[in-house]
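See below for the structure under consideration.
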Amino acid sequence: MKIAFVGKGGSGKTTLSSLFIRHLAANEAHVVAVDADINQHLGAALGLDEREAAALPAMGAQLPLIKNYLRGSNPRIASAETMIKTTPPGEGSRLLSVSEDNPVYDACARTVRLDDGEIRLMATGPFSESDLGVACYHSKVGAVELCLNHLVDGPDEYVVVDMTAGSDSFASGMFTRFDMTFLVAEPTRKGVSVYRQYKEYARDFGVALKVVGNKVQNEDDLEFLRAEVGDDLLIGVGQSDWVRTMEKGRPAPFELLEADNRMALQALQNAAEDSYALRDWERYTRQMVHFHLKNAESWGNEKTGADLAAQVDPAFVLQEHRAEADAAQPA
């Protein structure tokens, strides 16, 4: 399953996404975690020190390698240089799976060992001072979107993406790449404002959206969230002494996380697993093509000097059994 954590800055989405990743690893799921936030804090939330977090390779810096690998022998893509973040796969493209080894993971992922297992961690790379005036963060997140477009994942496999704050993911079709989006909201008017944006943007695309109330202190906070978001409210999460010690750099074993918070994380996993039964690969592929054509017309054709609509393979549908056939391709 592909899972996104979104929310306004300071809502606690990175903390909650890191707890969910730990929970999945403890339950022996296969996990690829991706830090796609402009502020790169997921590594630290998963226990890396500053040196280890800073040493994570930046996906944005490996974009030529990613494009060359995913292009494979697809005859509709003339060169890797004509691939953009929305380029969809077709016959001959190489696909990614969660558990495999491949050159993309070799270059971009690092193994992080947690209390109860290990996960692969990838990061877009921070938005640095040298980027000012010459780049935007959407170009860095483009590497994530391209990988998601070529990803085939099955049950008990998770890609968990800590997204950039606010509604920036709607600058492309990336918000439609997920089986479930968890929107982290505090019980305040500002806290639910991003929810309204997401709900409005996602309305026409069948995006599965659940709200996780964070920093919930009492029943009045829960009632406020229920009144604001209705049935989209999945669970409320309160303060955590375990998280406070973790943020001080003195984490206790994950098994000591408070029982209420462990139950909340299980509710997230249950919702994610329920979304798997509703997966529609044809719609997923159709939406991928829709946003590719929009991006091609608005900027991609001009930037690459190519007709990017020709990259679309009308007979191709991304689906799970394709991962097995793709594995036979030479690396």
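Restricting 73, 79 to those that are out of contact with any strand residue (DSSP E or B) (no Cβ under 9 Å at 6 or more places or on another chain), open to solvent by 60 Å² or more (accessible area, probe 1.4 Å) and farther than 21 Å from residue 177 by Cβ reduces the list to 73.
Here is the figure for the stretch 44-65: residues that are under 18 Å from residue 18 (Cβ atoms) and either touching an Asp or Glu at 6+ places or on another chain (Cβ under 7 Å) or assigned to a helix (DSSP H, G or I) (or both) total 6. Taking the criterion of being in a loop (DSSP other than H, G, I, E, B), open to solvent by less than 10 Å² (accessible area, probe 1.4 Å) and either among the aliphatic types (A, V, I, L, M) or at pLDDT 90 or above (or both), the only residue of the stretch 170-191 that qualifies is 177.
For the stretch 246-257, the set of residues classified as part of a helix (DSSP H, G or I) and open to solvent by 90 Å² or more (accessible area, probe 1.4 Å) consists of 247, 255, 256, listed by residue number.
With respect to the conditions (1) closer than 21 Å to residue 124 by Cβ; (2) open to solvent by 10 Å² or more (accessible area, probe 1.4 Å), residue 222 falls short on a single one, namely (1).
Residue pairs whose Cβ atoms lie under 9 Å apart, separated by 6 or more positions or on different chains, with the first residue in the stretch 15-31 and acidic (Asp, Glu) and the second open to solvent by 10 Å² or more (accessible area, probe 1.4 Å), are 28/116; 28/117; 28/156.
Within the stretch 258-287, being in a helix (DSSP H, G or I), open to solvent by less than 70 Å² (accessible area, probe 1.4 Å) and either charged (D, E, K, R) or in contact with a Ser or Thr (Cβ under 8 Å, 6 or more places away or on another chain) (or both) holds for 261, 284, 287. Is one or more of the residues making up the stretch 90-112 of a type outside the set (Lys, Arg), within 23 Å of residue 249 (Cα to Cα) and surrounded by fewer than 22 Cβ atoms within 10 Å (Cβ to Cβ)? So far as the stretch 90-112 goes, yes, one or more of its residues are of a type outside the set (Lys, Arg), within 23 Å of residue 249 (Cα to Cα) and surrounded by fewer than 22 Cβ atoms within 10 Å (Cβ to Cβ).
Scanning the stretch 81-91 for residues that are assigned to a loop (DSSP other than H, G, I, E, B) and either of a type in the set (Phe, Trp, Tyr) or under 18 Å from residue 65 (Cβ atoms) (or both) turns up 83, 84, 85, 87, 89. Confirm whether residue 300 is out of contact with any strand residue (DSSP E or B) (no Cβ under 8 Å at 6 or more places or on another chain), of a type outside the set (Ser, Thr, Tyr) and on the phi > 0 side of the Ramachandran plot. Spelling it out, it is not the case that residue 300 is out of contact with any strand residue (DSSP E or B) (no Cβ under 8 Å at 6 or more places or on another chain), of a type outside the set (Ser, Thr, Tyr) and on the phi > 0 side of the Ramachandran plot.
Looking for something at pLDDT below 95, of a type in the set (Lys, Arg) and within 27 Å of residue 289 (Cβ to Cβ) - is there at least one such residue anywhere in the stretch 75-85? Within the stretch 75-85 (the criterion being at pLDDT below 95, of a type in the set (Lys, Arg) and within 27 Å of residue 289 (Cβ to Cβ)), the answer is yes, since at least one residue qualifies. Number of residues in the stretch 20-40 that are in contact with a strand residue (DSSP E or B) (Cβ under 9 Å, 6 or more places away or on another chain) and within 20 Å of residue 191 (Cα to Cα) equals 1.
Between 243, 312, the distinction of being β-branched (Val, Ile, Thr), in contact (Cβ under 8 Å) with a residue 12 or more places away in the chain and either closer than 21 Å to residue 215 by Cα or open to solvent by 70 Å² or more (accessible area, probe 1.4 Å) (or both) belongs to 243 only. Note on the stretch 225-240: residues that are among the aliphatic types (A, V, I, L, M), free of Cβ contacts under 8 Å to residues at least 40 places away in the same chain and open to solvent by less than 80 Å² (accessible area, probe 1.4 Å) total 2.
The values are calculated or read from the model by the stated rules, or taken from the named source; none is laboratory data. Please read these numbers as outputs of a predicted model, since none were measured by experiment. In this analysis, Cβ positions are derived from the backbone assuming ideal geometry, glycine residues included, and neighbour counts consider all displayed protein chains. Surface accessibility is based on the protein's heavy atoms, side chains included, excluding ligands, DNA and RNA. Shrake-Rupley method; radii C 1.70, N 1.55, O 1.52, S 1.80 Å.
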